[in-house]
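Report on one structure; see the data block that follows.
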Amino acid sequence: MRGLLRYILILSLLFIMAILTKRTYQAYQIRKGIEVRIQSLQHCCFKSLNDREICIDEFDPNQSIMIIYFHPECEHCQYEAKEIGLHANEFANVNMLMITPDDSLQRIENFAEENHLWELSNLELLMDAGDSFRKYFGTAKIPTVFIYKNNKLLKKYSGETKIEAILEIINNSKN
């Protein structure tokens with residue numbers, strides 16, 4: 001009887017290990033696929049604050065495109081937004097898209113007002129109502145910055161990033 005129980009226990013542990021190994025491998029494959037996919041700017045659309053659909057691949061590919069995934073209540077996002085406002089002239093030739101999972105129009109508008117983002121004609125504030133950002137870009141870390149030029153990924157930053165580092169990538173892409 002003990003031998004049978006030991007045999008069942010060993011088989012159960014092997015079965016659980018096989019399931020965990022399979023899930024880990026599948027998660028790895030998904031991450032790997034996303035890392036390959038984000039190397040080129042994908043067709044994905046988000047809702048603007050005035051309820052228009054904006055697709056990120058419709059901007060001029062010869063101009064740098066900076067995509068920032070943010071949340072209005074995130075202190076790091078607030079820092080980056082303030083820095084963008086302070087360096088607005090240096091971002092004049094960059095299409096900037098700020099995408100948020102927040103569904104509070106009031107919070108987003110307050111964020112834009114506090115950080116003088118309305119003054120930037122080359123900036124679009126977008127809402128990710130259907131959690132599409134994670135599907136296309138494979139991340140939900142806030143903030144995350146993607147910089148593209150000619151539809152190719154130049155750099156991805158996760159977490160708060162100094163504005164000088166972002167500007168360096170953008171300025172180097174002009175050459």
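The values are calculated or read from the model by the stated rules, or taken from the named source; none is laboratory data. Note that this is a predicted model, so its numbers are computed, not measured. Positions of Cβ are generated from backbone atoms using ideal geometry, with glycine treated the same way; all protein chains shown enter the neighbour counts. Only protein heavy atoms, including side chains, enter the accessible area calculation; ligands, DNA and RNA are left aside. Shrake-Rupley method; radii C 1.70, N 1.55, O 1.52, S 1.80 Å.
Worth a mention:
- The Cα atoms of the range 74-175 give a gyration tensor whose axes a ≥ b ≥ c have a/c of 1.5 or more with a/b no greater than b/c, which makes the shape oblate.
- Summed residue charge, Cβ within 12 Å of Ile99's Cβ, Lys/Arg positive, Asp/Glu negative: -2
- Helix 75-86 vs. the chain, principal-axis angle (Cα, 0 to 90°, nearest 10): 30
- If the segment from Leu105 to Glu90 were pulled out straight at 0.36 nm per residue, it would be longer than the present Cα-Cα gap by 2.6 nm.
- Share of carbon and sulfur in the accessible heavy-atom surface of the range 1-116 [1.4 Å probe, %]: 56
- Neighbourhood charge, 12 Å Cβ-Cβ cut-off, centred on Ile166 and excluding it, Lys, Arg +1 and Asp, Glu -1: -3
- Cut-off 12 Å between beta-carbons: net charge of the residues surrounding Leu125, Lys and Arg +1, Asp and Glu -1: -2
- Annotation: per residue accessible area for the range 116-175 equals 52 Å², rounded to a whole number [probe 1.4 Å, protein chains only].
- Shape of the range 23-93, Cα gyration tensor, a/c cut at 1.5: prolate
- Per-residue extension of 0.36 nm, minus the Cα-Cα distance of Ser121 and Cys45, leaves a gain of 25.4 nm for this segment.
- For the chain, the antiparallel share of DSSP beta bridges with both residues in that region comes to about 60%.
- Given charges at Cβ of Lys, Arg, Asp, Glu: the chain dipole, positive-most of Asn62, Val94, Met17: Met17
- Among the listed values [x] 218; [y] 207; [z] 149, the one computed from these coordinates for volume of the Cα convex hull per residue in Å³ is [z].
- Most to least packed among 75-81, 48-54, 87-93, 4-10 [average Cβ atoms within 10 Å]: 75-81, 87-93, 48-54, 4-10
- Sites Asn172 and Met17, calculated FRET efficiency, Cβ-Cβ separation with R0 30 Å, nearest 0.05: 0.05
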